[in-house]
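Here's the structure we're looking at; comments come further down.
Read the figures in this text as sums done on the coordinates, not as results from a lab. These numbers were taken from a predicted model, which means no experiment stands behind them. Every residue, glycine among them, receives a Cβ derived from its backbone with ideal geometry; neighbour counts consider all protein chains shown.
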Amino acid sequence: QVQLVESGGGLVQAGGSLRLSCAASGRTFRRYTMGWFRQAPGKERDFVATIRWSGDTTYYADSVKGRFTISRDNPNTVYLQMNSLRPDDTAVYYCAGGGTLRGLRGSDYDDWGQGTQVTVSS
């Protein structure tokens, strides 16, 4: 059984930065695309970013392009560097993993973390 564990969330002022990490465990990960989603209070879960298993292809939501960077340094760990944070980035951020090619939708993923809270104050 796969486990995804996020870390790095917290409280930050607008304009600040945070780096989220997600570590996967439980089996050998090959061709494992990983992504980040977020869910603000009272809203649906939204796609944020995804990175293919090869690490050479990434996709971002328009709302975070130029501010967030997704990366991975091994098949089991993915990062989300978040710069120039805004109050509307406040949400629970979830890590996801699966054998999808692109991973722009939640249904593309098989595995999910428990989420980490990011709060941006104005």
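Listed values for segment 97-110 are Karplus-derived 3J(HN,Hα) couplings in whole Hz (6.51 cos²θ - 1.76 cosθ + 1.60, θ = phi - 60°), namely x, x, x, 6, 7, 10, x, 8, 10, x, 5, 6, 10, 9, and x replaces Gly and Pro.
Hey, what D do you get for the chain in µm²/s if you plug the Kirkwood alpha-carbon radius into Stokes-Einstein at 25 °C and 0.890 mPa s? Using the Kirkwood radius from Cα pairs, D works out to 174 µm²/s.
Mean-square fluctuations from a GNM of the chain, with a 10 angstrom spring cutoff on Cα atoms, peak among T100, T57, T77 at T57.
Note on T77 and Q117: the model spin-label points, each 7 Å out from Cα along the C-beta direction, lie 2.6 nm apart.
Taking 0.36 nm per residue of separation and subtracting the Cα-Cα distance, what length does fully extending T28 through T58 add? Before the final figure, lay out each step's value.
Details: separation 30, 0.36 × 30 = 10.80 nm, distance 2.18 nm.
Difference between extended and current length: 8.6 nm.
When all alpha-carbon pairs of segment 47-89 are counted, what percent fall beyond 16 Å? Walk me through the numbers before you get to the answer.
On the way: 313 of 903 pairs.
More than 16 Å apart: 35 percent of the Cα pairs in segment 47-89.
Note that segment 58-71 has calculated 3J(HN,Hα) couplings of 10, 9, 9, 5, 4, 5, 10, 4, x, 10, 10, 9, 9, 8 Hz, one per residue in order, obtained from phi through the Karplus relation 6.51 cos²θ - 1.76 cosθ + 1.60 (θ = phi - 60°); glycine and proline are x. Sites listed here are trypsin sites (Lys or Arg not before Pro) in segment 37-122 whose DSSP assignment is loop and whose Cβ has at most 11 other Cβ atoms within 10 Å: K43, K65. The phi torsions of segment 41-49, fed into the Karplus equation with coefficients 6.51, -1.76 and 1.60 and a -60° offset, translate into couplings of x, x, 10, 6, 6, 10, 5, 10, 6 Hz, rounded to whole numbers, with Gly and Pro shown as x.
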